[in-house]
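Working notes for the structure below.
The values are calculated or read from the model by the stated rules, or taken from the named source; none is laboratory data. Quick caveat, the model's predicted, so the values are computed rather than measured. Cβ placement follows ideal geometry from the backbone for every residue including glycine, while neighbour counts extend to all protein chains displayed. In case anyone asks, the SASA skips ligands and DNA or RNA and just uses the protein heavy atoms, side chains included. Shrake-Rupley method; radii C 1.70, N 1.55, O 1.52, S 1.80 Å.
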Amino acid sequence: VMAVYANLETDQPKNGFTVSITDDVTHRSLPEFSPVFDSTPSKNFSCKFWGLGSDGTVGANKSAVKIIGDHTDSYVQAYFAYDAKKSGGVTISHLRFEKIQGSYQIKAANFIACHNQAYVHQYNLIADLKKGGSFLLNTIWSDEELEKNLPASLKRQIWEKKAAFYTL
């Protein structure tokens with residue numbers, strides 16, 4: 001790619017750079033830059049639910065969306081992502097409430113819930129949680145076990161996002 005890129009730190013142009021890969025041969029890669037961009041209206045409320053296929057998470061979310069859509073003035077939208085295995089695989093439910101302006105997956109959630117405690121070691125569960133959002137973990141761990149079993153990276157993200165953390 002031949003173009004001019006202004007280095008944000010030094011304001012110096014950089015000619016002839018590489019995009020999308022880490023170029024360890026010529027070292028002409030741009031520094032990684034991926035700010036979170038949230039285009040959803042501030043009145044919207046977005047949720048993500050991590051579940052295990054056939055555990056009832058998707059069915060419960062379908063029911064919740066139907067109830068909210070039928071009995072409130074809010075518009076609702078639900079999108080469900082399934083693992084290829086379906087039963088026994090990971091499911092992620094994306095729910096939106098209020099003014100719906102897109103059919104994309106949620107990348108800035110107000111609330112994230114995880115219904116399988118094993119996922120704390122497998123997935124970056126709260127990567128899409130907004131600053132000040134809430135995270136709910138359904139777990140059988142006691143407070144002592146929770147302290148021992150929660151990965152440091154998840155604890156750090158909860159702190160950095162100033163998230164409310166709840167267990168059930």
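General observations
- Selection over the stretch 39-56 of residues that are surrounded by 13 or more Cβ atoms within 10 Å (Cβ to Cβ) and either out of contact with any Ser or Thr (no Cβ under 6 Å at 6 or more places or on another chain) or among the charged types (D, E, K, R) (or both) gives a count of 9.
- Leading residue by the ranking (farthest from I68 (Cα to Cα)) among those in the stretch 97-112 that are at pLDDT 85 or above and of a type in the set (A, V, I, L, M): A108
- Of all the listed residues (H121, H94, H115), the sole one being open to solvent by 40 Å² or more (accessible area, probe 1.4 Å) and closer than 18 Å to A64 by Cβ is H115.
- All of (1) among the acidic types (D, E); (2) more than 30 Å from S142 (Cβ to Cβ); (3) in contact with a strand residue (DSSP E or B) (Cβ under 8 Å, 6 or more places away or on another chain) hold for D70 with one exception: (3).
Condition check ((1) touching a helix residue (DSSP H, G or I) at 6+ places or on another chain (Cβ under 9 Å); (2) open to solvent by 80 Å² or more (accessible area, probe 1.4 Å)) across all residues:
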site	(1), (2)
V65	no, no
D70	no, yes
Q77	yes, no
Y82	yes, yes
Y104	no, yes
A108	no, no
